[in-house]
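To start, the structure under review is shown below, and the notes come after it.
Only the coordinates and a few stated rules stand behind these numbers; no lab work does. Note that the structure is a prediction, hence the values are computed from the model and not measured. Don't worry about glycine lacking a Cβ; one is built from the backbone with ideal geometry, like all the others, and counts go over all protein chains shown.
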Amino acid sequence: MNTAPTANDQRAWPLSEPPEHRYCKHRRYPNKAKPLRDTAPDQHRTKPEAVSLRDAFLFWLKLGFISFGGPAGQISIMHQELVERRRWISERRFLHALNYCMLLPGPEAQQLATYIGWLMHRTWGGVIAGVLFVLPSLFILIGLSWVYLAFGETPAVAGLFYGIKPAVTAIVVQAAHRIGSRALKNNWMWGIAAASFIAIFALNVPFPLIVLGAALIGYLGGRLAPDTFKSGGHAAANASFGPALIDDDTPTPEHARFSRWKLLRLALIGAALWLLPMSLLTALFGWDGTLTQMSWFFTKAALLTFGGAYAVLPYVYQGAVGHYGWLTPTQMIDGLALGETTPGPLIMVVAFVGFIGGYVQQLFGADHVFLAGAVAASLVTWFTFLPSFLFILAGGPLVEATHNELKFTAPLTAITAAVVGVILNLACFFGYHVLWPNGFGGHFDWPSALIALAAAIALLRFKRGVIEVLVGCALIGLSLKLFI
């Protein structure tokens, strides 16, 4: 059975570099993998021994603490560990699973971990892999969010965030540039990007409507002008690292075979896991209660994260900052900075949003503000990631059963182009609040502008890593506040 994606495949890599770039020379993160290479002399190695659920648990736990670097860095780590070193899964099967995860809303690295865990150890294996990918980040962000609120006004902490804010603006600009350089391949894509920017910047059109409109344009464009709306292909899986536990010709295990009964049962379980906590929250706090509205809002956000966190952040700030007022624009920028510097998916910034909203609004009274923040952060994490587990556990058997190409690239191509405009608007939003902290009527913050410029040059010109740039800018901000 040959499942290798070929150079002519038209599968979507919407917001990420193709695998040969992901694993070889991704320029943003320190977790650099060696280039995919021909390892023919190693092809005669013996097959690895079966992996117990306990050993898998320990690996996924370790991964949860070292998964820095955003999706590209995280997938690079998994490729090194699971394909090259441990040989739990072959290169082709790894890329086949990744192709599917790239087409789903939600964090693709976490979904890929869930997929591989499920393929190896059934449902519990997938749940363990996916949960451990997120759980360390949740605990770390709850702790950092508390430190941020408790000590954020002290000179040292304020100085660190003074330098970090302009760096975050530059990081968002880099995200728009990185995505745009791959997505805006013709005038149609440029037009979609420009229209989405105008829609959200000037007309304040809700983000879901922009995604829906772009998907409709892509669907029609894929039928009327397929060459314009097709995605570029990616390279084949051209390396072998020896026989793997789940190899190219390994039969699909019984639990990974499609069954209508299994699908129905999973759909019912998923509905119950969403409906029961939502009903309990509604009964305790009412539909308009903060925790209920947070849960409902982030359920919707989870279904809009095509292409990663940067694509959905505009929707989050529209709702969390503009509509609900759970946190301020400045706090949103600081939360993104914390999300960039912690392991786990960047979308975990939602935990920061939830913590701030629960803590500041004192949902459980003035004596239990930390508990309120921790509960809110945990709830929004639950409702944000629940769909990702359901997509993998429900869709995985279909992928394993068919091993066919996934042909949804035209709508995704248009959505990707629209996301470029949306992210550019996010950069404008951050830039405004960083450079004019008191509004356009106030002073222009020249030190912040120079830090942002230096960060942009470091990222775009010298290809420095995100964490490296954040640390450097934080130290500059600290020096400005303490010594000048």
Checklist entry - Which pairs, out of Lys47/Lys230; Lys230/Lys262; Lys230/Lys463; Lys62/Lys230, put more than 31 Å between their alpha-carbon atoms? => result Lys47/Lys230; Lys230/Lys262; Lys62/Lys230
Checklist entry - Stretched out fully, how many nm does the piece from Trp146 to Asn204 gain, at 0.36 nm a residue minus the Cα gap? => result 17.7 nm
Checklist entry - Extension gain Arg85-Leu61, at 0.36 nm per residue separation less the Cα-Cα distance, in nm? => result 6.9 nm
Item to check | Karplus 3J(HN,Hα) series, Hz, for region 195-201 with 6.51 cos²θ - 1.76 cosθ + 1.60 (x for Gly, Pro) | outcome: 5, 5, 5, 5, 4, 8, 7
Checklist entry - Using the alpha carbon gyration tensor of region 154-203, what are the three equivalent-ellipsoid semi-axes (square root of 5 times each eigenvalue), largest first, in whole Å? => result 33, 14, 4
Checklist entry - Leu280 versus Arg122, label points 7 Å from Cα toward the beta carbon: distance in nm? => result 2.6 nm
Item to check | Extended-chain gain in nm, criterion 0.36 nm per residue less alpha-carbon gap, Ala449 and Trp287 | outcome: 54.0 nm
